[in-house]
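J.: Right, I'll just put the structure down here and ask away after.
The values are calculated or read from the model by the stated rules, or taken from the named source; none is laboratory data. On a predicted model such as this, the values are computed, not experimentally measured, just so you know. Backbone-built Cβ (ideal geometry, glycine too); neighbour counts: all protein chains shown.
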Amino acid sequence: MTAEPLVESMAYSEFDVVFGMLAYTDALTPAEKTAILERRAEHLRGLIAETVAARAAAQDAGAPGLPARIFDKLARVTRAELDWLGEVLEEVARDGWAAARSAASHEGAAR
């Protein structure tokens, strides 16, 4: 019951792997890569809306405690990823996909 493996789990999503692959592949055009990021952003906006609705439903059902906290966390984490993705999309639009590759290399070296 110590939950140690879960306590020490990484805070990342499977999409982080996709982003790394997009940064380094030449199999897709820049427009195709950007379209994938835009689809992810749209998906995240939908998740936020669903989470907010689920929180409201839990509260209406008389379960405002733990469910509300979990839904709040999920919405916050999803908003944070959406904000980060917005920054990436701005950078790619301004500087091209080579900038994402350079940023990915720099972040990996910093760890």
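J.: Hey, any hits in the range 60-67 for a residue that's at pLDDT below 90, surrounded by 11 or more Cβ atoms within 10 Å (Cβ to Cβ) and part of a helix (DSSP H, G or I)? Steps first, please.
T.: To start, the set of residues in the range 60-67 that are at pLDDT below 90 comprises 60-67.
Next, from what is left, pick out any that are surrounded by 11 or more Cβ atoms within 10 Å (Cβ to Cβ): 63-64, 67.
After this cut, where a residue has to be part of a helix (DSSP H, G or I) as well, the list is 67.
Scanning the range 60-67 turns up at least one residue that is at pLDDT below 90, surrounded by 11 or more Cβ atoms within 10 Å (Cβ to Cβ) and part of a helix (DSSP H, G or I).
J.: Kindly evaluate Leu44 against the criterion of being surrounded by 12 or more Cβ atoms within 10 Å (Cβ to Cβ) and of a type in the set (A, V, I, L, M, F, W, C).
T.: On the way: surrounded by 12 or more Cβ atoms within 10 Å (Cβ to Cβ): yes; of a type in the set (A, V, I, L, M, F, W, C): yes.
Yes; evaluated as a whole, the condition is true for this residue.
J.: Restricted to the range 10-43, and to residues that are modelled with pLDDT under 95 and acidic (Asp, Glu), which residue is farthest from the chain's Cα centre (by Cα)?
T.: Only one residue fits best here, namely Asp26.
J.: Next up: Step by step: first the residues of the range 14-54, then only those that are small (Gly, Ala, Ser) and touching a helix residue (DSSP H, G or I) at 6+ places or on another chain (Cβ under 7 Å), then the one that is farthest from Arg94 (Cα to Cα). Which residue is that? Give the derivation first.
T.: So the first thing to find is which residues in the range 14-54 are small (Gly, Ala, Ser), and the list is 20, 23, 27, 31, 35, 41, 46, 49, 53-54.
Cutting the leftovers down to touching a helix residue (DSSP H, G or I) at 6+ places or on another chain (Cβ under 7 Å) gives us 20, 23, 41, 54.
On the way: Gly20: 19, Ala23: 15, Ala41: 18, Ala54: 37 Å.
My answer is Ala54.
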